[in-house]
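Student: Provided herewith is a single structure, encoded as C-alpha cells, for subsequent inquiry.
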Ligand code: ADP
C-alpha cells in the first residue's frame, strides 16, 4: 500500500528522444491508475521509470514518503506484470510463482503459504504442478499475476498485460484484475493503448500523447469534459464527430454554422457562456464535436428538436442491438473519408438505412463540444482561466460592468474603450465591490464560483465552497491585462528568470583544532548567476548531480526561476540598476536592469540607482536551459 508522487518527471533517451515531458501527478494509496495513449506516447517509459527499469532524466519520484530516483528496482517494493508473461518454461507453475521469493531467501513454509494463497485468489490452484506450456494464455497471465502478488508489493505495475489475449479473455481478465485490485488493496498502475480498457478499469486515467500528459481525470470526466480535441477523439467509440464551423452571437443566442454545408443551428448562449467572446464573431473557426450517441435519428426526437441537420447516408454498420449509420452533412460528401462533414450516428432503431437516403438528425446540443481550430483546446473549459470584459478608461479610472476602479500607476493607460482580461484566479472574495453569487460548481479540488457584477457574469476560482456573504470581491490587479486603443498593459511577470552555471572551487579554510590553526582543503559548489557567485544549496547540488552527469552539471547553462518576492536587496550580490517601478497601490515592484534583462523585484523600502540583489536560492526553480528540463 502506498501513495506515489511524480514531480516534473522527464525522460530523455541517449539518442535525444524526449519520451516523457514534465509529468506531474499525485497518486493516492489504492488508486487504480491507467496510463493510456497511442503507441509511442511514452506510457511504458513512464511505467518503467516508476519500476526503476529506466533512469529518470529529471524530476522526483516518491513512493510513500521516500524519494526513489536512485533506489534499485528490487528495493522499491513494487511488482511488475508484462505483456509477455516471461514465465520459465522448465519450471512448474508453483515454482514460477515461488521463484522471486526463493531469490529473496524466504522460508519454505512462508513461500508455500503465499503461493497457495495467490493461486486461490487467481483460481489456478489446480494448475500448480503444470508447466506453462500446458496452459492457455489467460492462465499464463494469471501465473504472472501470481508471481507479482506473492511479493505483497506496495505498488503493482502492469504493462499491457492483456494484449496477448483474445477479445473474450481480455474482458474476463479485465474483470479479474479489478477484483484482484479490490482484494489486494494495493495501488495499481496499468498501461494500455486501449481506451476501452482504460475507461473500464481506471479510477483515474492519464491520457498521453507524444510524451505529454493531455488530461488526468476520472473516466466520466474524460468522456464528458475532454480538455482538447485529442482526448475527445481518443476516448469513446466510435470516435467523436468533428465538424468545422463558426459561432456568431446575437443577444442571448449563438448561431452555429457548419463549414462546407448550409447546416445552421441557433443555440442558447447559456451553453457556451464559458467561451471567450473572440469566438463569437462569426469568423473564428472552431471544431464542433458531438458523439455518435448524442445524435438522434428517431423521427419523434427529430420532429421536436430545433437542432437539426440533414445527412446523406453512405453505409451502415450493424452491431446487433445498435447500428452505426455513416453519412455526410455535405450532400456531395462520401461518408467514408474522415472529412469535416462526415457524420456517424449511433442508433437502436430497427429502421433500415440505405446508401443515398437523406434524413434529418437531431443534435443533443447540451452535449456538444467546441475546440479552438489552432490549439485544439476546448473553448468551454470547466474552469475558464480568463474573463474577457469590455471596459472604458477615463482619467485613470477603469470602468467595467458599471464598476469603477482607480487604476494604480503600474496600469496607467490612455483614455478610451477596450478590453480587460481578468484571470479567474485573480478575483478575491475579500474586496469591496458588491457582487452576487449565482452558482458554485466543484471541479476537482477547486470551486468555480460564478458571480454577477451588475448582470455580467464573471468566473472566479476558490479553494473553498463557501465564500463570505455578502459577497464583496476585489481584483489582484497585478494579473490583469488591459488594452485600450493601441495601448496594452501586460500583467506583472510572475516569474523572474536568471541564467547561470554550476561551478566548483577548491578552497582552503583555516580552522581551529585544539587551539591550533589548521588549513583544511575542501571542494565547494557555487552557482554563478550573472557573474556573481552564491553558495549552491545542498538540495540543488543533489538534484543536479542525480539528474546529470558531472560533466553536464559543470558545462550546462541553467535558468533559475524565482518569484519577485524571493529576491532581496542586499549589500552585495547581483549588480543591477533600478530603472522604474511598478506601483500597484498596496504593492510596489522595482524594475531592475541586469545586463540586458529587466526583472521585477518586490520592495517595501525605497531603492534607487545601483543595487545588489540576492535571490533566495532555497526557493528557486532550476531549469536545464538547452533541453528545457525542470530539474528543481
Ligand atoms: P508507448 O509505451 O506509449 O508505446 P514508449 O514509452 O515505449 O511508448 O516510447 C516513447 C518514445 O520513446 C517513443 O518515441 C519510442 O520510440 C522512444 N523510446 C522508447 N524506448 C527507447 C529507447 N530505449 N531508446 C530510444 N528511444 C526509445
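The values are calculated or read from the model by the stated rules, or taken from the named source; none is laboratory data. All of these numbers come straight from a predicted model, not from anything done at the bench. Counting neighbours? That spans all protein chains shown, and the Cβs are built from the backbone with ideal geometry, glycine included.
Student: Do we find that residue 618 is part of a loop (DSSP other than H, G, I, E, B) and surrounded by fewer than 16 Cβ atoms within 10 Å (Cβ to Cβ) in this structure?
Tutor: Numbers: part of a loop (DSSP other than H, G, I, E, B): no; surrounded by fewer than 16 Cβ atoms within 10 Å (Cβ to Cβ): yes.
No.
Student: Considering only segment 1-23, state which residues are closer than 12 Å to residue 206 by Cβ and near the ligand (Cβ under 8 Å from one of its atoms).
Tutor: Residue satisfying the conditions is 20 alone.
Student: Restricting attention to segment 125-169, and to residues there that are out of contact with any strand residue (DSSP E or B) (no Cβ under 7 Å at 6 or more places or on another chain) and within 16 Å of the ligand (Cβ to nearest atom), which single residue is farthest from residue 43 (Cα to Cα)?
Tutor: 164
Student: Here is a check on your reading of the model: is residue 62 under 19 Å from the mean Cα position of the chain (by Cα) and either touching a residue at least 60 places away in the same chain (Cβ under 8 Å) or within 12 Å of the ligand (Cβ to nearest atom) (or both)?
Tutor: no
Student: Right, another one. In segment 578-592, how many are exposed (fewer than 14 other Cβ atoms within 10 Å of the Cβ) and either farther than 25 Å from residue 477 by Cβ or touching a residue at least 12 places away in the same chain (Cβ under 8 Å) (or both)?
Tutor: Keep residues of segment 578-592 that are exposed (fewer than 14 other Cβ atoms within 10 Å of the Cβ), which gives 579-580, 585-586.
Right, trim to either farther than 25 Å from residue 477 by Cβ or touching a residue at least 12 places away in the same chain (Cβ under 8 Å) (or both) and you get 579, 585.
Number of matching residues: 2.
Student: Taking the options 146, 138, name whichever one is modelled with pLDDT of 90 or more and in the same structural domain as residue 46 (by TED's automatic domain parsing). Break it down into steps so the answer makes sense when it comes.
Tutor: Values: 138 fails: modelled with pLDDT of 90 or more.
The match here is 146.
Student: Exactly one condition in (1) without any contact (Cβ under 8 Å) to a residue 24 or more places away in the chain; (2) in contact with a strand residue (DSSP E or B) (Cβ under 6 Å, 6 or more places away or on another chain); (3) at positive phi is not met by residue 515; state its number.
Tutor: Looking at each condition in turn, residue 515 falls short on (2).
Student: Could you please let me know if residue 99 is in contact (Cβ under 8 Å) with a residue 40 or more places away in the chain, more than 16 Å from the ligand (Cβ to nearest atom) and farther than 25 Å from residue 540 by Cβ?
Tutor: yes
Student: Let me ask you something else. Going through segment 285-300 one residue at a time, which ones are more than 26 Å from the chain's Cα centre (by Cα) and closer than 22 Å to residue 255 by Cβ?
Tutor: From segment 285-300, those more than 26 Å from the chain's Cα centre (by Cα) are 292-300; that's our starting set.
Hits for segment 285-300 are 294, 295, 296.
Student: If you scan segment 106-140, which residues turn out to be within 21 Å of residue 170 (Cβ to Cβ) and in a helix (DSSP H, G or I)?
Tutor: Step one: of segment 106-140, the residues within 21 Å of residue 170 (Cβ to Cβ) are 121-124, 127, 132, 135-140.
Result: 121, 122, 127, 132, 137, 138, 139, 140.
Student: Next question, about the same structure. Among the residues of segment 24-40 satisfying the criterion of being over 20 Å from residue 65 (Cβ atoms) and within 16 Å of the ligand (Cβ to nearest atom), which is surrounded by the most Cβ atoms within 10 Å (Cβ to Cβ)? It would help to see each step written out before you state the result.
Tutor: Taking segment 24-40 as the starting set, the residues that turn out to be over 20 Å from residue 65 (Cβ atoms) are 32, 34-40.
Remaining after also requiring within 16 Å of the ligand (Cβ to nearest atom): 34-40.
Numbers: 34: 25, 35: 29, 36: 26, 37: 27, 38: 14, 39: 7, 40: 15.
So the residue we want is 35.
Student: Related question: Among the residues that make up segment 570-581, is at least one of them within 34 Å of the chain's Cα centre (by Cα) and outside the structural domain of residue 19 (by TED's automatic domain parsing)? Steps first, please.
Tutor: Here is the first cut: in segment 570-581, the residues within 34 Å of the chain's Cα centre (by Cα) are none.
Among the residues of segment 570-581, not one is within 34 Å of the chain's Cα centre (by Cα) and outside the structural domain of residue 19 (by TED's automatic domain parsing), which makes the answer no.
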